[in-house]
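For reference, the structure is listed below as structure tokens.
The values are calculated or read from the model by the stated rules, or taken from the named source; none is laboratory data. These figures come from a predicted structure and were not determined experimentally. Positions of Cβ are generated from backbone atoms using ideal geometry, with glycine treated the same way; all protein chains shown enter the neighbour counts. These area figures cover heavy atoms from the full protein model, side chains too; ligands, DNA and RNA do not enter into them. Shrake-Rupley method; radii C 1.70, N 1.55, O 1.52, S 1.80 Å.
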Amino acid sequence: LDRDSEMIWYAEVSALSSERQRFAQAHEFAHFWLHPDIAADAYAAEDAPDAYGGAGSAAAQPASGYSPRERREREADTFAAELLLPQALLRRTYITDGLRASEIADATGLSETCVLTQLARALLCPDDLGELPDDRASDPVALDESQAAAAFVKGGPVLVDAGPGTGKTRTLTARIVHLIRDRSVAPEQILALTYTNRAAEEMTDRLQAAAGPEGRRVWTGTFHAFGFELLRKEGHRIGLSAAPKLIEPIDAAALLERNLDLLSLVEFQFLSAPALPLPDILSAISRAKDELKTPSELSAAAATLALGATTEEQQSAAAKTAEIAHVYGVYTDILRQNDLLDFGDLIARSIELLAADPALLDEIRRHYPHVLADEYQDINRATSRLLQMLAGDGAGFWAAGDLRQAIYRFRGASPANVRQFDSDFPGAVRLSLRRNYRSRPSIVRLLVSSAREMGIDSLAPADWSASRSESDGPRLSLVVPRDEVAQADWLAAQIRQRQDRGLPGSSQAVLVPTNRLGDEVAQHLVARGVEVHRDGSLFDRPAVLDILSLLSLAFEPDGIGLLRVARLPHFAIPESDALRILEAARRAGRAFPEAIGWALHSVDFPASTRKGLALLNAALASIQHPDPWRLATRFLFDGSTYLDPWLVGADPAAGRCLRSIAALLRILHSGAAGEGASEAAGGKGHAALEHIRRIIRSGRFSGDRSAAEDDSTGGVRI
């Protein structure tokens, strides 16, 4: 993009196909319109859009960058796709006109990938664009007295005690706007860090609304995203390549599983399931990285434990720690040999890099003289050390945290960092936000009295005031039922009373302490005629199981997915005929999916079954390109009518089904579909299915947020 002459230059003969060139030009137009104050970077062939973006895609990439440049590139890609294939037009073309993906690609001259990606957005997540932030807003929301004191404090280090509902993000945003406008700090000199992508997006949106284009130039993102960007740019100083790969926890377990012979497991040996303890071992290694312990330091700690062990339990604990230290060392070697990083490395190796190169650290401190940290109560030792390195003398350091919300101890976070702030940052100033905007006065009083009853006066916000009126909602009450039946009767009656007053079930929730109890409460309410909304596992949902069965049929030789796929209306193959195919293929030694085409020409079936087999054989033809995401999207948007019942009509469950499919597509397309999948036995498709099976076995996947939070069923959330 050449702004001065208002031209886009591109090589007529280049690595980009004509379809990619068209997209690249739209991408540069997006920069021209969206980012007038920034000179766009050249568009390289490897940057061409193959990634499935879609709503919530960042959830699948916890360390995806939120630097200004990376954010601009994502915005330009999304804008370009919408410019070339507007979602509203695409929905009408697909649903009303009946054009399928390949026909749309032919008509528009765009790549199949671009069309499939945009169809997934338009059909599966049609309402996820929402409202864009208003660049014209010139001032942040008005601040109360305590928020203004925190936002406009003269210098650091500063720690703001920001309780729940006291406007922490508003105050942090106002602090950045104050630095830019009142103290003439260049936006590029501000580094704002938080823990989650969602919080980073909210911070970015608020900054854009409050500060306009200048807000885009502030580096806002997660601690891990900052570490990842730093290691990609400067990691060569400690032996990393220019493009190290990030490995997901599930794939890290698979990596160790492929190297079981090097682990020498004894304490953690399970003969019937050798890979069973690997996720727990990796969790222990992750905690060691959070504490900045190396394999040798962990081994030394194990030796100390062994020397002091006097009981069998203590001896076993020492032996297990020693074995974890050994696996930690092997795992570290494997990661470095394969140019891989895990999430713990993003912080730990960033610290290693900055400690090894004082000149680089000085350069970064000069580049970012102002560092802001959100959710300070949740940082662990490694993150605390990184912040201390970045903040230097702390003159430009501003942090917000709340001990009442310290809930991540199981991840290695320590509220002690809040208590030790003054010693970590000498001369620190502590301020408090004193007005609660979220809850009614009775809720605020409950917090104060409960904290005191529990003997933790330090957590009781004695000086809080409530912004809301007590008349904003029903009174707070405590009910003690005599048994489960009475509890269920009371809950059902309360839900119906609110429904009679016009509050739908989808606006009500029952909170429970465990999933098991949630299942019991749901059963009791259903028995009393109350419709409930229970998320369950993404992988238990019928539409997801349909697609996984199709992938199993395409990429695994046993054909076990045929029984479910045959029942799909698009194929309508009777179960008896599906069983005949499986038996005939077994006797003839035919593997799937080729066995489908063989059966079509070798086994006598009625005409209706032969028609279904022909359609199934055509759907599996894309196995020549063994990409599970492409096979699934071709089936959904090009080779079948599978989605049609959910795209027309007003079935309240349709939105949930579509979002579930979108969540699965994100998993299939993410880099997390098996590290080294293309080299793995069975190819990329088999590796993706094994990856999903590992997720299910581990029980460590809570599902996609956009799918889980859809309330279209109207039921009470449990």
Revision key, fill the gap. Restricted to pairs 8 or more residues apart or on different chains, the lysines in the chain with C-alpha atoms under 22 Å apart form a number of pairs equal to 7
Exercise for review: Once you have the Cα-Cα distance between TRP33 and LEU260, take 0.36 nm times their residue separation minus that, and quote the gain in nm to one decimal.
Suggested key: 76.4 nm
Point to revise | Rounded to 10°, Cα long-axis angle of helix 607-619 versus longest principal axis of the chain | key: 40 degrees
Practice item. Sum -39500 (n - 2.57) across every DSSP H segment of at least 4 residues in the chain, then divide by the residue count to get the 222 nm mean residue ellipticity, nearest 500. Key: -15500 deg cm²/dmol
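Would you work out what percent of the accessible area of the range 279-417, with all protein chains in place, is carbon or sulfur (probe 1.4 Å)?
51 percent
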Exercise for review: Can you tell me the equivalent ellipsoid semi-axes for the range 348-451? Use √(5λ) from the Cα gyration tensor, largest first, whole Å.
Suggested key: 32, 16, 11
Exercise for review: Relative to the longest principal axis of the C-alpha atoms of the chain, give the angle of the C-alpha long axis of helix 515-527, reported between 0 and 90° and rounded to the nearest 10°.
Suggested key: 60 degrees
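Charges only on Cβ, +1 for Lys and Arg, -1 for Asp and Glu: so what's the dipole of the range 484-624 about the Cα centre, in debye to the nearest 20? Can you show the working numbers first?
On the way: 15 positive and 16 negative charges, 55 e Å.
Taking the Cα centre of the range 484-624 as origin, the dipole is about 260 debye.
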Revision key, fill the gap. Under a 1.4 Å probe, counting only protein heavy atoms, ARG74 has an accessible area in Å², nearest 10, of 100 Å²
Review point. Between the helical axis of 223-234 and the dominant principal axis of the chain, each derived from Cα atoms, what acute angle in degrees is found, rounded to the nearest 10?
Key: 80 degrees
Point to revise | Part-to-part distance (alpha-carbon centres) for the range 593-623 and the range 285-333, which is given in Å | key: 56 Å
Practice item. Work out, step by step, the length gained on full extension between SER507 and ARG430: first 0.36 nm times the residue separation, then minus their alpha carbon distance; give nm to one decimal. Key: 23.9 nm
Revision key, fill the gap. Between the residues GLY655, LEU446, VAL327, the Cα farthest towards the positive end of the dipole of the chain, that dipole coming from +1 and -1 charges on the beta-carbon of Lys, Arg, Asp and Glu, is from LEU446
Practice item. Show the residues, 5+ positions off or on another chain, whose built amide H is closer than 5 Å to the amide H of TRP219. Key: ILE190, ALA192
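How long is the gain from THR169 to LEU478 if the chain were fully straight, where each residue apart is worth 0.36 nm and the alpha carbon distance is subtracted?
108.0 nm
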**Study point:** Radius of gyration and Dmax over the Cα atoms of the range 512-620, both given in Å
**Key:** 18.9, 57
Review point. What residues qualify as long-range amide H neighbours of GLY394, i.e. H under 5 Å apart, gap of 5 or more or another chain, H built at 1.01 Å from N?
Key: none
Point to revise | Å² per residue, accessible surface of the chain at 1.4 Å | key: 48 Å²
Review point. What shape does the range 578-649 take by its C-alpha gyration tensor, where a ≥ b ≥ c are the square roots of the eigenvalues and a/c under 1.5 counts as rounded, a/b above b/c as prolate, and the rest as oblate?
Key: oblate
Point to revise | Selection from SER698, THR108, ALA406 lying farthest towards where the dipole of the chain points positive, charges on Cβ | key: ALA406
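Over the chain, calculate the relative contact order: mean separation of alpha carbon pairs under 8 Å at least 6 apart, over the residue count, as a percent.
Once normalised by length, the contact order is 15 percent.
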Review point. What span do the alpha-carbon atoms of the chain cover on each of the three principal axes, reported in whole Å from largest to smallest?
Key: 85, 78, 66
